[in-house]
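Okay, so here's the structure we're looking at.
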Amino acid sequence: QVQLVESGGGLVQAGESLRLSCASSRSIFVSIAMGWYRQVPGKQRELVATLTRGGSTNYADAVKGRFTISRDNAKNTVYLQMNSLRPEDTAVYYCNVRYTSNGYWGQGTQVTVSS
């Protein structure tokens, strides 16, 4: 069983930055893809950003130019750098790592952006 531990969420003001981290108990070097998703109460979980093994990235239109997904294979950690945060970015953010055998989710970390 793979464990994903997220950290870095918190309360910030609009315009500020946060960096989320997702540490995997299994090597991310062998993963197929990694991603960050977010969810607000009453709505479906939505994709924020993905990063494939080959290095291709994909971002939701709402975060393009503000968020950056990256990884550190040596630390088995995936990051989400979030700049110029807006109140509408407020959500629980979840990390997802997909291996050939299965995909795994973290427990989520709350990000709250005040206006």
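The values are calculated or read from the model by the stated rules, or taken from the named source; none is laboratory data. Only a predicted model underlies this, so the values are computations on that prediction, with no experimental measurement involved. Here the Cβ is made from the backbone with ideal geometry for all residues, glycine too, and neighbour counts use every protein chain on show. SASA here: full protein model, heavy atoms, side chains in, ligands and nucleic acids out. Shrake-Rupley method; radii C 1.70, N 1.55, O 1.52, S 1.80 Å.
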Spin-label pair K75/Q107, simplified geometry with 7 Å Cα→Cβ offset, distance in nm: 2.0 nm
Accessible area in square angstrom per residue, the chain, 1.4 angstrom probe: 53 Å²
Rg in Å to one decimal, and Dmax rounded to a whole Å, for the range 1-53 via C-alpha atoms: 13.3, 38
Whole-percent carbon and sulfur share, accessible surface of the chain, 1.4 Å: 46 percent
The chain - percent relative contact order, Cα under 8 Å, separation 6 or more: 36 percent
